[in-house]
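In what follows, a structure is listed as structure tokens, so that the remarks can point back to it.
The values are calculated or read from the model by the stated rules, or taken from the named source; none is laboratory data. The structure presented is a predicted model; accordingly, all values stated were derived computationally and were not measured. Cβ coordinates were reconstructed from backbone atoms using ideal geometry, including for glycine residues, and neighbour counts include every protein chain displayed.
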Amino acid sequence: MASLITLLLIFLSFPSQSSSSVSQPRSLRIFRSPEPRSKKTPIGSSSAGQIPAQIAQSCSATRFPDICRSSLANSAAALQKHPTPIDLIQSAISISSSNLSVAQSMVKSIMGSSSNINRATAAKNCVEVLANSQHRIQSTAAGEALRRGGGGIKDARAWMSAALLYQYDCRNSLMYANDTSLTAQTMSFLDSLMTLTSNALSMLVAYDVYGDETGSWAPPKTERDGFWEKSGGEAGPGPVGFPSGLNPAKTVCKSGGGGGCDYETVQAAVDSAPDNLPSGGRKFVIRIKEGVYEEIVRVSLEKRNLVFLGDGMGRTVITGSLTVGQPGISTYNTATVAVLGDGFMARDLTIQNTAGAPTHQAVALRVDSDLSLIENCELLGNQDTLYAHSLRQYYKSCRIQGNVDFIFGNSAAIFDNCTILVAPRLVKPEKGESNAVTAQGRTDPAQSTGFVFRDCLINGTEEYMKLYRGKPKAHRNYLGQAVEGVLQNCVHTLQLGSTCDKARVDAMERGFRAGDAVLWRV
């Protein structure tokens, strides 16, 4: 229950309601950061005695303290006699941002000089995710995000967690196309960049948890260490749901679908939306009438506060079939619908990826939208159906279907009253298989990410249940596995299939640690 409260606090800014077998490596699979290399002092650093005590103390809260002290030694904070915690954090964030700009230039050089389709795809994805990283870092440094109390510091932690994730993504995508010296140099630089961003994030966490006294700061801990953050007396987010009285700004329908339609494709309606609608302001509502829309939809970072309203699951269907098996396509690119703009909402529709055998990763929905809400939607696929990639997401009364790691990513996501169904594999399902429902990808203990399941039902599709009953010992299903680093799944009032082992349900409700294999059967 404590972990549920902790993750719910991340959602303070949500709007209130007014009414496998082993799979192939993901192209953007999360890369584990290097262990601290603290014996050798970095070039250009100063000893701890030559810098303000506050810097030495604050750096003790990071995973890479030597690099932290070296990077801050000549910063604006070091020039002050008594730098405040905010001064130190802002300097660490600024250093990360400056180095990120260098990494962006290096990646653009790779993209401009590449004739190899896989390398070009990796570089193109890198350009996008590093731009996202820079956006989140700059958002953290600006405004009231660093103010303790309220939701500001939680916003800062969420944004810096995502910024670090995007740098991991870039580094790891290049790893699968590392055939030039420039690519190798860029990967090495990204390794250094990630340590700087990790340090800035750790300092943020220490400031939030321990307060202004840097002498009390300590490195980030996780549930594996028996550590649970206190709620601090802050209120939870209250009811989360769609606001009432939403009026469509644009309407989409298939050709011949009747009058009153503005567009025949969802993407055209998305493109017509104004850029950068302010948070807390009006929504741009797109009504998508009943029909099957065979298209790939991209909601860019600038398209904020968009709402998709359908006519119901199975009636309004957005469908695609991109898969990693196609040339120049990574897991990141396979999504039928991918959303970057913050404040996204969707209700009453189906999003699916119909890629057939023999395919691997084929995403139906990828979400990088902060404070997004998906309600009463159906997400259909096989391997990697839902890519809950980053930031804060809420899924309410949804139906999610797949087989291999079909809910994955490194977001802070809550699944409330959702039905989660295991489907048969596409190739020889009668032989049996082991499936993991989730693959939560937290890699740094300071990242405020994890999956929470509340009042959810996990079971199998009718087709899968027939296979199970015919050969029950051959079909094993796990609630979660760690992709890299620290698994964070919190289970609260979860319902499982009727043939589930009661002892294993009790184990899940007590929580997990990375490496635990908690088995259930449907």
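With the condition being hydrophobic (A, V, I, L, M, F, W, C) and either modelled with pLDDT of 90 or more or out of contact with any Phe, Trp or Tyr (no Cβ under 9 Å at 6 or more places or on another chain) (or both), I'd like the strands (runs of 3 or more DSSP E) fully within segment 381-438 carrying at least 3 qualifying residues.
412-416, 419-422
Within the set of pairs 6 or more residues apart or between chains, which connect a residue that is of a type in the set (A, V, I, L, M, F, W, C) inside segment 444-471 to a residue that is assigned to a helix (DSSP H, G or I) with Cβ atoms less than 7 Å apart?
Partner pairs satisfying both residue conditions: ALA446/SER198; ALA446/LEU201; ALA446/SER202; ALA446/VAL205; VAL452/LEU4; VAL452/LEU7; LEU467/PRO429; LEU467/GLU430.
If I filter segment 349-397 down to residues being among the aliphatic types (A, V, I, L, M) and farther than 23 Å from ASP169 by Cα, which single residue comes out as surrounded by the fewest Cβ atoms within 10 Å (Cβ to Cβ)?
Top of the filtered list is ALA357.
What's the number of the only condition in (1) within 21 Å of SER113 (Cβ to Cβ); (2) of a type in the set (A, V, I, L, M, F, W, C); (3) assigned to a helix (DSSP H, G or I) that LEU196 fails to meet?
(1)
Conditions tested, residue by residue: (1) assigned by TED's automatic domain parsing to the domain that holds VAL437; (2) part of a loop (DSSP other than H, G, I, E, B); (3) under 25 Å from GLU433 (Cβ atoms).
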{"position": "THR323", "(1), (2), (3)": "yes, yes, yes"}
{"position": "ILE329", "(1), (2), (3)": "yes, yes, yes"}
{"position": "VAL363", "(1), (2), (3)": "yes, yes, yes"}
{"position": "LEU373", "(1), (2), (3)": "yes, no, no"}
{"position": "LEU379", "(1), (2), (3)": "yes, no, yes"}
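Just to check your reading of the model, which residue among ASP87, ASP66 is of a type in the set (D, E, K, R), more than 27 Å from the chain's Cα centre (by Cα) and closer than 25 Å to GLN185 by Cβ?
ASP66
For segment 262-307, how many residues meet the condition of being in a loop (DSSP other than H, G, I, E, B), buried (at least 16 other Cβ atoms within 10 Å of the Cβ) and either in contact with a Lys or Arg (Cβ under 7 Å, 6 or more places away or on another chain) or outside the structural domain of VAL337 (by TED's automatic domain parsing) (or both)?
Residues in segment 262-307 being in a loop (DSSP other than H, G, I, E, B), buried (at least 16 other Cβ atoms within 10 Å of the Cβ) and either in contact with a Lys or Arg (Cβ under 7 Å, 6 or more places away or on another chain) or outside the structural domain of VAL337 (by TED's automatic domain parsing) (or both): 4 in total.
Among the numbered criteria (1) in the same structural domain as GLY152 (by TED's automatic domain parsing); (2) at pLDDT below 90, which one does ALA103 miss?
(2)
Any idea which of (1) under 24 Å from ALA412 (Cβ atoms); (2) of a type outside the set (Phe, Trp, Tyr); (3) modelled with pLDDT under 90; (4) crowded, with 17+ Cβ neighbours inside 10 Å is the one LEU193 doesn't satisfy?
If we test LEU193 against (1) under 24 Å from ALA412 (Cβ atoms); (2) of a type outside the set (Phe, Trp, Tyr); (3) modelled with pLDDT under 90; (4) crowded, with 17+ Cβ neighbours inside 10 Å, just (3) comes out false.
Condition test on ASP155, is it farther than 27 Å from SER372 by Cα, among the charged types (D, E, K, R), out of contact with any Cys (no Cβ under 9 Å at 6 or more places or on another chain) and not assigned by TED's automatic domain parsing to the domain that holds ALA388?
Spelling it out, it is not the case that ASP155 is farther than 27 Å from SER372 by Cα, among the charged types (D, E, K, R), out of contact with any Cys (no Cβ under 9 Å at 6 or more places or on another chain) and not assigned by TED's automatic domain parsing to the domain that holds ALA388.
Has segment 458-465 got any residue that is in a loop (DSSP other than H, G, I, E, B) and modelled with pLDDT under 90?
No: segment 458-465 contains no residue that is in a loop (DSSP other than H, G, I, E, B) and modelled with pLDDT under 90.
Name the residue that is nearest to the chain's Cα centre (by Cα), counting only residues in segment 321-350 that are under 14 Å from VAL270 (Cβ atoms) and of a type in the set (Val, Ile, Thr).
This residue is VAL339.
Every residue in segment 47-95 that is more than 25 Å from GLN138 (Cβ to Cβ), in contact with a Ser or Thr (Cβ under 9 Å, 6 or more places away or on another chain), polar (S, T, N, Q) and assigned to a helix (DSSP H, G or I), please.
Within segment 47-95, just GLN57 meets the criteria.
Considering only residues that are among the charged types (D, E, K, R) and under 18 Å from the mean Cα position of the chain (by Cα), look in segment 376-406 and name the one that is farthest from ASP311 (Cα to Cα).
For segment 376-406, the residue satisfying everything is ASP405.
Taking into account only those residues within segment 448-478 that are among the β-branched types (Val, Ile, Thr) and under 30 Å from ALA156 (Cα atoms), which is surrounded by the fewest Cβ atoms within 10 Å (Cβ to Cβ)?
Ranking the qualifying residues of segment 448-478, first place goes to VAL452.
Given (1) under 19 Å from SER372 (Cβ atoms); (2) surrounded by 23 or more Cβ atoms within 10 Å (Cβ to Cβ), identify the lone condition not met by THR331.
Condition not satisfied by THR331: (1).
Within segment 304-327, track down each residue that is farther than 20 Å from VAL292 by Cα and β-branched (Val, Ile, Thr).
If the condition is that a residue be farther than 20 Å from VAL292 by Cα and β-branched (Val, Ile, Thr), then VAL324 is the only one that fits.
Quick check on my filter: what residues within segment 331-361 are hydrophobic (A, V, I, L, M, F, W, C), within 16 Å of PHE408 (Cα to Cα) and not in a strand (DSSP E or B)?
ALA335
If you go through segment 491-512 one residue at a time, do you hit one that is at pLDDT 90 or above, closer than 19 Å to LEU386 by Cβ and in contact with a strand residue (DSSP E or B) (Cβ under 8 Å, 6 or more places away or on another chain)?
no
What's the total number of residues in segment 410-458 that are over 30 Å from ASP208 (Cβ atoms) and acidic (Asp, Glu)?
2
How many residues does segment 103-136 hold that are in contact with an Asp or Glu (Cβ under 9 Å, 6 or more places away or on another chain) and among the basic types (Lys, Arg)?
Qualifying residue count for the region: 2.
Across segment 142-156, what is the number of residues that are in a helix (DSSP H, G or I) and surrounded by 19 or more Cβ atoms within 10 Å (Cβ to Cβ)?
4
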